[in-house]
Every structure is written in structure tokens, then in C-alpha cells.
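What follows draws every value from the coordinates through simple rules; no lab data is involved. From a predicted model like this one, the values you see are computed outputs, not experimental measurements. When we count neighbours, we look across all protein chains shown, and the Cβ atoms used for this are built from the backbone with ideal geometry, even at glycine.
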Amino acid sequence: MDPIGLINKYYHSESQALRILLLHSQSVTLKAVSIAVRMKLPSGEIDFIREAAMLHDIGIFFTHAPEIGCTGNLPYICHGYKGHDLLVSEGLPMHALVCERHTGAGLSITDIDRFDGLLPHRPMEPLSRAEKLIAYCDKFFSKDPKNIENEKTFDEAFDSVAKFGDNKGKIFCEWHLMFSL
């Protein structure tokens, strides 16, 4: 499967949203694949990680985030489940789960309830090793055009997750122990 071809199907060429999405996703992919290789994961799992990491944010175009060129009408928190739905429609249900489950350290039902019906009422927490790895790597890279090419330090990535609750910081630390061999 060709993740870039699929992305290009939904994004206008030369758009800011496409440029931001590709730069961010490529950074996340390089980090995730590097860790997967270091962990000596099976080649099929590494291939899946490469594809899913490139596609994890495909749903951002549904959202209203003008600072990154997205002109949709949904709040940014919706990009994960919208990407999920898009990838399911493309026949990629496992890739779709990565989209839905990568936000923060995952969204529990309690987290989802705080959004007052904005999100589907189902747990959206990473379960598989690949889902956790991609969610972990995602936290090290911003989509902010001013910082898109800079990798965050562990402390910066931790702070970006921990502000959503102590348990989120704990989950991120567990992932860090799992993936920083």
C-alpha cells in the first residue's frame, strides 16, 4: 500500500496542510521505524508501522486548524476518529485503529465524556505494540509550522501529554521504558 498516494487523494497538492502533514508524518515514521528496527520487530510489523505512522494524522483536513492549513469545520480533537472512518472506508481497518487511538496517551471513556458528545462513545486507547509506538513517537513532533522540523526532548514531550492528567504522563513514561532500549 502507498500511504503518500492515499494522502494525496485527500489533500490538495501544494497546500500548507499537505506540507505540514507530510513533514510531521515523515518525522514520526522515521522515529517509529528506527525504534522498531532496534527492537528487532518482524519485517511485516515494521512495514505496518511505516504505513500507519504515515497515515496516523490523515484526518486533520476535517478540522478547523487554520494555523496548519486545515479548513474543515470540526474541532481538532476529531481528527483521529475522522481519520479512522476514512481509512476504514479505504479498506484499512488496522491502520484506522492507529488513527483513532494515537491522540495524546489515548482517550478513555472518561476522557471522551468530557467532550460532551463530540467524539464517538468508545475507548480510543492504544492497545497493540504498533499503536503504542506510533502514539509515543507522535508526541516528539509538533505540527506547528515554526517548530515542525525540531524533535522535542523527552521532557517537552512528557509535558505535552502530562498536562491532560497524571495518568497520561504515567502512560507516556511506560511507553518510554518500552521503546527507549
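Residues that are surrounded by 17 or more Cβ atoms within 10 Å (Cβ to Cβ), among the aromatic types (Phe, Trp, Tyr) and free of Cβ contacts under 8 Å to residues at least 60 places away in the same chain: does the range 96-117 have at least one?
The answer is no; no qualifying residue exists.
Residues Pro75, Pro66: which one is over 14 Å from the mean Cα position of the chain (by Cα) and over 22 Å from Ser27 (Cα atoms)?
When all the criteria are applied, what remains is Pro75.
Any residue in the range 110-124 that is in contact with a Gly (Cβ under 9 Å, 6 or more places away or on another chain), among the small types (Gly, Ala, Ser) and farther than 23 Å from Glu51 by Cβ?
No: zero hits.
Could you figure out which of (1) of a type in the set (A, V, I, L, M); (2) under 19 Å from Ser128 (Cβ atoms); (3) surrounded by fewer than 16 Cβ atoms within 10 Å (Cβ to Cβ); (4) touching a residue at least 40 places away in the same chain (Cβ under 8 Å) isn't true of Ala53?
Against the list (1) of a type in the set (A, V, I, L, M); (2) under 19 Å from Ser128 (Cβ atoms); (3) surrounded by fewer than 16 Cβ atoms within 10 Å (Cβ to Cβ); (4) touching a residue at least 40 places away in the same chain (Cβ under 8 Å), Ala53 comes up short only on (3).
From the list Gly5, Gly59, Gly44, exactly one residue is of a type in the set (Gly, Ala, Ser) and in contact with a His (Cβ under 9 Å, 6 or more places away or on another chain). Which is it?
Answer to the check: Gly59.
Could you say which residue among Gly80, Gly91 is in contact (Cβ under 8 Å) with a residue 12 or more places away in the chain and either surrounded by fewer than 22 Cβ atoms within 10 Å (Cβ to Cβ) or in a helix (DSSP H, G or I) (or both)?
Only one candidate passes the filter, namely Gly80.
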